[in-house]
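So the structure is just underneath, and the comments pick up after that.
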Amino acid sequence: MRNVLLASAALIALSSAALADSNKALVGQTGNAHVSYVEQVGTSLDASVTQKSGNGSDANVAQTGAHNSTTVTQTGSSHKAKAVQSGSDNRPVMTSILWWTHTTNGGIEQTQTGSTHDAEATQAGSKNYISQVQKDVKNVARATQQGGSEQTIKQEQEGTIQYGLALQASGKNNEIKQKQKGNNNDALATQHLGDNSEIEQEQDGKVNRAFANQYSAASGWTDGHDLKQKQVGDYNLAEALQTGYDNSASQTQTGNSNIAYVSQSSDGNSAVQGQSSDLNKATITQTGYSNYGIQLQGVGTGNEASLTQKNGGVNQSYQFQYGSNNKSFVKQDGSYNISTTSQTGSGHLATTNQTGSSHYASVTQSGSANTSLVNQSLTGNRATVSQNGSGNNSTVTQK
């Protein structure tokens, strides 16, 4: 049996001014299967819902206006909370959405339209999800999940000056997804401890930045990590750090001031970067084990690429850069190395060092200032360099 509480501002305030300004709605429910609805229209509204010591309750809050605040507190299992705010300047301290959910199978949904919003959600438990949607301008979204497994965070922001932060601490099979469109974007995501983690970030225009960290799995929890970042247009920067176990990464930036960076420590590594056009730069550092690589930097300008895969692993690498001020560096320090570099047109310089084990290297540079240096030390060596047109210069040393 579902116990339903309808708390419109009119019912709670018991006055004709209930749909005006500075109203408060307070709801407290204890037990199982409760449902509460709070609806407020006006300015400086405040809604507070508490559901505790039970299972399967729902909390729903809708606020229309400015400077409004919603707080929901839930403890137990299988609770769900949903808030919709329309208007402007719904933000923390003065006006915020703040959720604390300590539950399993719980869900939080936050939707804000208008300007200058702030959304914050916190969950502790397992099989929970947080969904945050913000539209229009000056939005901030924060989500935290801790101490459980099979958790999901989804953040979606449209408009200007967005900021998104998602954090999952401990647990297994967690997932973070972030998507931002338009202007002064920022997205951060962090996952600590756990296996089969995953992060996706996507940003669509202007001053993008995206960072993501995933730390090592706890003892006895293997696998983990995967990470995708995608930024289309403008001042991009993307960063990723993954430590311990089954890493993988992929970064794609299409257009403008790109920089991309990946660092993965130990175990499954793999990393693919992209970047099509404009002031590119790309770096991959993978320390031990099943390394791989690849760096592509499409049609033109500032290119530089670098890769370091260190001290033991099944290394490979491949870098390609087409056109403009190319450079390329590769170091691989131990195990089954292979490396290929291909740069077509303009500044060229390529350096490949591989120390220890089954080496192979191939460098191809075409048209303009070419230079190449390949050093390969003990075991399999083999090298092929082909440079075509202009400043050529090549040194190969194999011992």
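The values are calculated or read from the model by the stated rules, or taken from the named source; none is laboratory data. Please read all numbers here as calculations on a predicted model, not as lab measurements. In this analysis, Cβ positions are derived from the backbone assuming ideal geometry, glycine residues included, and neighbour counts consider all displayed protein chains.
What to note about this one:
- Leading residue by the ranking (surrounded by the most Cβ atoms within 10 Å (Cβ to Cβ)) among those in the range 265-283 that are among the aliphatic types (A, V, I, L, M) and either in a loop (DSSP other than H, G, I, E, B) or not assigned by TED's automatic domain parsing to the domain that holds GLN251 (or both): ALA271
- Reported count of residues in the range 155-169, each being crowded, with 19+ Cβ neighbours inside 10 Å, in contact with a Gly (Cβ under 9 Å, 6 or more places away or on another chain) and closer than 14 Å to HIS117 by Cβ, is 5.
- Selection of the range 363-395 for residues being hydroxyl-bearing (Ser, Thr, Tyr) and within 21 Å of ASN311 (Cα to Cα) yields SER377, THR379.
- Under the condition of being buried (at least 20 other Cβ atoms within 10 Å of the Cβ) and assigned to a loop (DSSP other than H, G, I, E, B), the residues counted in the range 303-315 number 4.
- Filter pass, VAL262 being among the β-branched types (Val, Ile, Thr) and crowded, with 24+ Cβ neighbours inside 10 Å: yes
- Which listed residue is of a type in the set (Lys, Arg), crowded, with 19+ Cβ neighbours inside 10 Å, within 19 Å of ASP246 (Cβ to Cβ) and modelled with pLDDT under 85, from LYS172, LYS138: LYS172
- Scanning the range 175-190 for residues that are within 9 Å of the chain's Cα centre (by Cα) and crowded, with 24+ Cβ neighbours inside 10 Å, we see that the one that is nearest to ASN213 (Cα to Cα) is ALA189.
- Scope the range 191-230; condition polar (S, T, N, Q), buried (at least 18 other Cβ atoms within 10 Å of the Cβ) and either at pLDDT 80 or above or more than 21 Å from SER270 (Cβ to Cβ) (or both); matching residues: GLN191, GLN201, GLN203, ASN208, ASN213, GLN214, GLN229
- Residues of the range 33-90 classified as surrounded by fewer than 21 Cβ atoms within 10 Å (Cβ to Cβ) and not in a strand (DSSP E or B), total: 6
The rows are residues; the columns are (1) of a type in the set (Ser, Thr, Tyr); (2) on the phi > 0 side of the Ramachandran plot; (3) modelled with pLDDT under 95.
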{"site": "GLY302", "(1), (2), (3)": "no, no, yes"}
{"site": "SER306", "(1), (2), (3)": "yes, no, no"}
{"site": "VAL314", "(1), (2), (3)": "no, no, yes"}
{"site": "ILE338", "(1), (2), (3)": "no, no, yes"}
{"site": "THR355", "(1), (2), (3)": "yes, no, no"}
{"site": "LEU373", "(1), (2), (3)": "no, no, no"}
